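The values are calculated or read from the model by the stated rules, or taken from the named source; none is laboratory data. It should be emphasised that the depicted structure is a prediction, and the values quoted were computed from it without experimental measurement. Neighbour counts are summed over all protein chains in view; Cβ atoms, including those assigned to glycine, are modelled from backbone coordinates with ideal geometry. Each accessible area value is taken on the protein alone, full model and side chains, heavy atoms only, with ligands, DNA and RNA left out. Shrake-Rupley method; radii C 1.70, N 1.55, O 1.52, S 1.80 Å.
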Amino acid sequence: MQRIPAFALSALALTGALACGLAQAQTSEPVIGLITKTETNPFFVKMKEGATAEAKKLGAKLVSAAGKTDGDNAGQVTAMENLIAAGAKTILITPSDAKAIVPAIKKAQARGVMVIALDSPTEPMDATDALFATDNYKAGELIGQYAKAATAGKKPVIATLDLFPGHPVGAQRHNGFLKGFGLQANDAKSNELSRPAEVVCMADSFGDRAKGQTGMENCLQKNPDINIVYTINEPAAAGAYNALKAAGKEKNVLIVSVDGGCAGVADVGKGVIAATSQQYPLRMAAMGVAAGVEYAKTGKKVSGYTDTGVTLIAAKPMAGVDSKDVKTGTDLCWGAK
């Protein structure tokens, strides 16, 4: 992948970074950097909102940047370099490439910067000082259990719309779903996607609605009898539903997903998605900013993994599967539990 120059990042983000560098030189405000996978995915938009609010509350300055697309490691490396130059002493990052970002993280840490992963771990996970994230394997297990109960008595013909190869979050959700469904699956430490016989099609969606639709269309061409669809997130689920509706199959296929954003929960209420595992990016971001401020004040670093919680949201409850209703999901969507 070619290295993406600094100008490929948001002009606003870079302008903000330079302004924050000056601000740090003139005030005692700690500068906290936030690097997300993209600027457009609603999940990361909400994460930025949470970080901004917490920074304002604690008297810190937040500087944000992002890659151009999910998987853009070069863009994230450039963003990290810009944030260090702008004076950030803590950088919060949702890694696009769990392995490739590690050298840049080590360089930042060598300069005294605390690096915290949000939502997505690095590989190895301890490459960052700490991780604040959903238990993604559990999130997958919850929707797998729900799908199993909701389709009891039917032979499962499964399609999976995944993230992209090798990403820990994509693997954990995928394999957790299979484990929850009662199928053969790798454990949470593996970044390889399991494919038991019941999975008749696997497609990479990159968490994108359009790519999710294309992936579903291709899967239907391979096997028109698909009756269960697992998706990495709710934009991919919405794309899958569009493809199913165009094929006249939307009423006979159960879709489950992960994220629990407001739009996704609304889709649960509409019957587009049967159930989704809700996570809390606002909480992740707020915890990260608070840890950064504490580091700036006392020099104390956080360490290890903190589980930020997950809740299954479903319109129709299933016996033996713990879930909350759409109203609860709407009240909680991406905020603190």
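The test for being under 29 Å from Asn82 (Cβ atoms), open to solvent by 10 Å² or more (accessible area, probe 1.4 Å) and out of contact with any strand residue (DSSP E or B) (no Cβ under 8 Å at 6 or more places or on another chain) does not hold for Glu141. When the residues of segment 293-323 are filtered to those that are under 21 Å from the mean Cα position of the chain (by Cα) and of a type outside the set (Val, Ile, Thr), the one that is farthest from Val268 (Cα to Cα) is Ser303.
The conditions are (1) within 27 Å of Pro30 (Cα to Cα); (2) at pLDDT 95 or above; (3) part of a helix (DSSP H, G or I), and Arg283 fails exactly one of them. Which is it? It fails just one condition, (2).
From the residues in segment 189-239 that are among the acidic types (Asp, Glu) and assigned to a loop (DSSP other than H, G, I, E, B), which one is most open to solvent (accessible area, probe 1.4 Å)? If you could, list the steps in order and put the result at the bottom.
The first filter runs over segment 189-239 and keeps only residues among the acidic types (Asp, Glu), leaving 192, 198, 204, 208, 217, 225, 234.
Narrowing further to those that are assigned to a loop (DSSP other than H, G, I, E, B): 192, 198, 208, 225.
Details: Glu192: 125, Glu198: 62, Asp208: 58, Asp225: 107 Å².
Per the stated criteria, the residue is Glu192.
Inspection of segment 90-110 identifies no residue that is open to solvent by 10 Å² or more (accessible area, probe 1.4 Å), touching a residue at least 24 places away in the same chain (Cβ under 8 Å), of a type in the set (Lys, Arg) and within 21 Å of Lys300 (Cβ to Cβ). Taking the conditions exactly as written (under 30 Å from Lys61 (Cβ atoms), modelled with pLDDT of 95 or more, open to solvent by 10 Å² or more (accessible area, probe 1.4 Å) and part of a strand (DSSP E or B)), does Tyr295 satisfy them or not? When the stated conditions are applied, Tyr295 does not pass them. Selection of helices (runs of 4 or more DSSP H) fully inside segment 59-160 by the criterion of at least 3 residues being under 30 Å from Pro317 (Cα atoms) returns 136-150. Within segment 63-72, can one find any residue that is open to solvent by 10 Å² or more (accessible area, probe 1.4 Å) and free of Cβ contacts under 8 Å to residues at least 12 places away in the same chain? The answer is no; no qualifying residue exists.
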